[in-house]
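Read-outs throughout are calculated quantities, based only on the coordinates presented, and are distinct from any laboratory measurement. Quantities reported herein were computed from a predicted structural model and do not represent experimental measurements. Cβ: placed from backbone, ideal geometry, glycine included. Neighbour counts: every protein chain shown.
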Amino acid sequence: MTTIANNLQQVQGRIAQACAASGRGTGHVLLLAVSKTFGPDAVAEAAAAGQRAFGENYIQEGVEKILALRDMPALPGGGLQWHCIGPIQSNKTRLVAEHFDWVHTVDRLKIAERLSAQRPAHLPPLQVCIQVNMDGGATKSGVPPAEALALVQAVAQLPHLKVRGLMSIPDVAPEYAAQLAVHEATRQLFDRIAASGVGGLDRFDTLSMGMTADLEAAIQAGSTMVRVGTGIFGVRPRPVA
């Protein structure tokens, strides 16, 4: 078994234990392998071990991998699914709209409008999560929680996007209780939006929260998608000076 395959097995074990501890089935939590800074070979190795969903923070790098791997032999259980989980500038929306299946980081209506307008007609709607700055970090991306419902309402009306849920990236908290508290706050916001009666939310079912260090707390709080990079691929390569 390769290192990546072994790491995937260990992370899946952590997810299974966290689901059992919180009384949830493992089928309710998707593992998103965050492959930023790792090349197509690492993604192919993870895919050979059964991983299908991959997250990319850097859009150009992600597109290069998507194109490099699009002619992979058919995989059992379907092809690769690509999630944009990094910040999106206006000049990169076309790349996201044309190549990704999901985007987790919509926090401005302008970006959502561009994604919808630039989504090719032959592709299914782009699956979208609204990023929320749940713990109020001054330098962090994400819509303030008080403005999340209005943004969901606006994005849900765009023709080539489907709003699926919320995404959050809270500051690292060393204590489990603190991790759990911020994830539970995101879940409560999600529940309020789901109960609000917004039109177009026929599949508002996704909470993208939790990473290598805090996936257990995120799952207990109700996460349906955890984003794990280091735990699968190892320490990220240092950029060349």
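Ranked by how many other Cβ atoms sit within 10 Å of their own Cβ, fewest first, the residues ARG119, ARG203 fall in the order ARG203, ARG119.
Within segment 26-82, list the trypsin sites (Lys or Arg not before Pro) lying in a DSSP loop whose Cβ has at most 12 other Cβ atoms in a 10 Å radius. Those satisfying the criteria are ARG70. The H on the amide N of THR105, modeled in the peptide plane, is under 5 Å from the matching H of CYS129, each at least 5 residues off or on a different chain. How big, in percent, is the set of alpha carbon pairs in segment 7-57 lying more than 12 Å apart? Counting every Cα pair in segment 7-57, those more than 12 Å apart make up 66 percent. For an R0 of 35 angstrom, estimate the FRET efficiency from the Cβ-Cβ distance between HIS160 and ALA181 and round to the nearest 0.05. According to the calculation, E is roughly 0.45.
Could you tell me what % of all Cα pairs in segment 185-241 have separations over 16 Å? Cα-Cα pairs of segment 185-241 separated by over 16 Å account for 56 percent. Ordered by the number of other Cβ atoms lying within 10 Å of each residue's own Cβ, fewest first, LEU189, LEU166 fall into the sequence LEU189, LEU166. A simple rule links phi to the HN-Hα coupling: the Karplus curve 6.51 cos²θ - 1.76 cosθ + 1.60 with θ = phi - 60°, which for segment 123-129 gives 9, x, x, 6, 7, 10, 10 Hz, with x for Gly and Pro.
Each of the peptides 82-91, 176-185 was scored by the mean count of other Cβ atoms within 10 Å over its residues; in descending order, highest first, they stand as 82-91, 176-185. Counting 0.36 nm for each residue step from ASP171 to SER22 and taking away their Cα separation leaves a gain of 51.3 nm. Annotation: for a label point projected 7 angstrom from Cα along Cα→Cβ of ALA213, residues of segment 179-198 with backbone N closer than 18 Å are 179-184. Just so you know, the Cα atoms of segment 1-109 work out to an Rg and Dmax of 15.0, 45 Å. Across segment 191-241, the relative contact order, built from alpha-carbon pairs under 8 Å that are at least six residues apart, equals 28 percent. Over all pairs of different C-alpha atoms, segment 49-207 has a mean inverse distance whose reciprocal, the Kirkwood radius, equals 16.4 Å. When the P(r) is computed for segment 125-204, the part past 16 Å accounts for 50% of the Cα-Cα pairs.
Note on the chain: helix-only mean residue ellipticity at 222 nm, from DSSP H runs of 4+ residues weighted -39500 (n - 2.57) and normalised by residue number, equals -12000 deg cm²/dmol.
Rounded to the nearest whole Hz, the Karplus-based 3J(HN,Hα) values (6.51 cos²θ - 1.76 cosθ + 1.60, θ = phi - 60°) of segment 192-205 follow the sequence 5, 5, 4, 8, 7, x, 4, x, x, 9, 6, 9, 8, 9, with x at glycine and proline.
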